[in-house]
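Reading through the structure tokens given below for one structure.
The values are calculated or read from the model by the stated rules, or taken from the named source; none is laboratory data. This is a predicted model, so every value here is computed, not measured. Quick reminder, even Gly has a Cβ in these numbers, built from the backbone with ideal geometry, and neighbours come from all protein chains shown.
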Amino acid sequence: MSDKELVEQIVNNDNQRAFETLVNRYQQKVINICMGFTASTDEAKDISQEVFIEVYLSLRKFRQESAFSTWLYRIAVNKSINATRQAKKKLLVRLFTKDNANANELLIPADAGAMPDAKMTKKEDYAALKQAIKSLPENQHIAFTLNKYQELSYKEIAEVMDISLSAVESLIFRAKISLQKKLAEHFNKKA
Amino acid sequence: MTCKTLNNKMLLYIDGNLSSNESIKLEEHLHSCEKCKKLFEQVSQTYALINEEKGLAEADKDFASQIWKQVHKNRELKQTPSIIKLSIITTLAAAGIALGVIVGGTFNEISLQNTNTETWEQLADEYFPEPSLDYITSINLETE
């Protein structure tokens with residue numbers, strides 16, 4: 001059954017099976033997007049849950065002018081950005097309220113230890129990568145995440161972000177150069 | 001290709017965003033520069049963590065049904081207070097109206113009584129003015 005048909009089933013008949021099919025179809029993709037913005041898998045799962053709740057509640061407003069996936073990814077990006085902003089605020093509060101000795105711990109992603117071959121890849125490198133992605137300007141961060149975590153084409157990213165194809169190319173290009181510089185700085189410091 | 005140029009283009013190379021000509025130049029530099037080669041290995045290993053990261057967060061099997069339950073639970077919770085609210089509002093409104101009628105009626109009676117008495121007194125004063133003292137004394141004189 002197509003996305004459109006499933007959406008109609010949910011809107012017209014409040015069909016649980018249709019809703020669950022739609023969620024199952026996209027849940028991993030949404031979690032991947034959220035992973036690009038968050039520091040932990042649990043956080044990514046929580047945000048993706050919020051995304052699908054929002055989808056259910058707003059489905060009647062969805063006019064099917066764009067593809068369902070485009071609309072869904074937009075919601076996922078918005079929810080993730082909001083969560084990131086709130087997390088940044090909380091982090092700032094904690095940094096100012098806790099002693100500075102704990103500050104670095106707060107900046108290391110919660111999943112660093114859970115990474116496969118954590119000893120080889122090192123927590124620090126993973127933290128540096130996540131920190132570098134986090135520090136990207138918002139538009140670059142969105143474009144990069146949709147491209148790397150969700151593996152969307154430039155055309156699909158342009159639709160989700162509602163910008164031109166050349167703008168997407170430019171954002172991703174600049175994001176990669178910026179990440180490259182930060183990673184190089186990180187490894188040069190270690191050397 | 002210089003070390004600086006290569007440092008900017010590693011990720012683009014890894015993702016296949018460079019032209020074949022640029023890729024060849026980059027590879028040639030990597031073969032000739034140990035420092036850049038080491039950095040390239042470190043960067044590419046770290047960058048590859050994104051792919052490992054994606055596999056880390058897998059959705060639970062009952063993810064979809066959990067959301068369905070949550071949405072409908074929230075709906076019920078939202079609906080229940082509205083029913084309670086509606087009944088409370090109706091009862092309070094009815095009580096308010098009843099109280100208003102009783103209090104209003106009582107005050108109305110008092111004010112009606114007052115206004116009636118006052119109005120009659122006013123009319124009486126206008127049509128039958130109280131005689132002045134001079135007029136009374138003059139009557140007394142005439143009778144004497």
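B:L12 - would you say it is at pLDDT 90 or above, of a type in the set (A, V, I, L, M, F, W, C) and farther than 16 Å from A:E185 by Cβ? Spelling it out, B:L12 is indeed at pLDDT 90 or above, of a type in the set (A, V, I, L, M, F, W, C) and farther than 16 Å from A:E185 by Cβ. Pairs please, first residue from segment A:36-48 and basic (K, R), second anywhere and buried (at least 22 other Cβ atoms within 10 Å of the Cβ), Cβ atoms under 7 Å, 6+ apart in sequence or on different chains. Sorted first by the residue in segment A:36-48, then by its partner, the pairs are A:K45/A:I31.
Residue-level check: of (1) farther than 21 Å from A:H141 by Cβ; (2) at the interface with chain B (Cβ under 9 Å from one of its Cβ atoms), A:G36 misses just (1). Within segment B:85-113, the set of residues being β-branched (V, I, T) and modelled with pLDDT under 65 comprises just one member, B:I110.
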